[in-house]
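Step one of this worksheet: look at the structure below.
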Amino acid sequence: MFFFKKKPEFVKPELISLHIYKAAGTSFFNTLKVAYGEQMVGRLDIKPEIDLILLNFEIFKEKQIMTNYKVIHGHFSPNLLYNRFPEYQDIPIITWVRSPVERVISNYYYLSERLAFFLQEHEQIRSIRDKMQKTLDEFIDAEINQNITYNYLKGLELEAYDFIGIVEDYDADLAYLSKLLNWQNSQKFTVNVTEKIPRQIDPQLRKKIELANEKDMAIYEKACSLKGKRKSI
């Protein structure tokens, strides 16, 4: 008698969590793992620029995610996600947004820290690093660093997201989301905090970032407005 292994059943996740760079996504990822269980939260990253999809930081090649993850969290836009996984379009989707000025500055110093860490062993390499590293002004002017939030969220109107948290109100919004999703376990984490960020931002620098990220500014203002219209729980 031959025994055939039963083909694994495809079970859709309960929640999609979109992670925008330097908008509390890594901290929130840890919170999700407490709320749903370590093995129930999958990390998905879609990198169209190099035609690569990573699942839990490993190359993903299958047609579908054949697992029982309750939550999918990671770097992707709705457009990228639904193009690759159209069956996910009816799953609740949430994200966090951050003041564009604060996000851009945090991202710059975070990348500077990472570069310094990877190139810290030899004095000659440090010299190369210093020559190659962009100034903050150059970083702001580079189109690739502009309107990151807009590029992540495009594909859905803000009203279509089931929850958009505001990083500046993280504690209160996390408490609201915990009640909204009936989490029995919820814990706040603070990880990937960028060091050496200036406490005071020069008004001219702030204005420059705002002008270079006008689409992100509009999204952030609208997200804050939508927050004010949330129903009490």
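General observations
- Every residue from the range 205-233 that is modelled with pLDDT of 95 or more and among the polar types (S, T, N, Q): ASN213, SER225
- Residues that are assigned to a loop (DSSP other than H, G, I, E, B) and either surrounded by fewer than 19 Cβ atoms within 10 Å (Cβ to Cβ) or aromatic (Phe, Trp, Tyr) (or both) within the range 97-110 are absent altogether.
- Within the range 121-141, restricting attention to residues that are surrounded by fewer than 11 Cβ atoms within 10 Å (Cβ to Cβ) and either in a loop (DSSP other than H, G, I, E, B) or on the phi > 0 side of the Ramachandran plot (or both), the residue that is modelled with the highest pLDDT is THR135.
- Contact annotation: residue pairs with Cβ atoms under 9 Å, 6 or more positions apart or on different chains, pairing a residue in the range 153-167 that is within 19 Å of PRO100 (Cβ to Cβ) with a partner that is acidic (Asp, Glu) and part of a helix (DSSP H, G or I), are ILE164/ASP173; GLY165/ASP173; ILE166/ASP173; VAL167/GLU102; VAL167/ASP173.
- Of all residue pairs spaced 6 or more apart or on separate chains, those with beta-carbon atoms under 8 Å, a first member in the range 12-27 that is under 16 Å from LEU156 (Cβ atoms) and in contact (Cβ under 8 Å) with a residue 40 or more places away in the chain and a second member that is in a loop (DSSP other than H, G, I, E, B) and among the small types (Gly, Ala, Ser) are LEU18/SER77.
- Evaluation of PRO92 against (1) free of Cβ contacts under 8 Å to residues at least 60 places away in the same chain; (2) surrounded by fewer than 18 Cβ atoms within 10 Å (Cβ to Cβ); (3) within 17 Å of the chain's Cα centre (by Cα) (one fails), failing number: (1)
- Which numbered condition VAL191 misses (of (1) modelled with pLDDT of 95 or more; (2) in contact with a helix residue (DSSP H, G or I) (Cβ under 9 Å, 6 or more places away or on another chain)): (1)
- Some residue of the range 46-65 being touching a strand residue (DSSP E or B) at 6+ places or on another chain (Cβ under 9 Å), modelled with pLDDT of 95 or more and surrounded by fewer than 18 Cβ atoms within 10 Å (Cβ to Cβ): no
- Test for ILE94: is it in contact with a Pro (Cβ under 7 Å, 6 or more places away or on another chain) and assigned to a strand (DSSP E or B): no
The values are calculated or read from the model by the stated rules, or taken from the named source; none is laboratory data. Please read these numbers as outputs of a predicted model, since none were measured by experiment. Glycine gets a Cβ as well: all are built from the backbone with ideal geometry, and neighbour counts include every protein chain shown.
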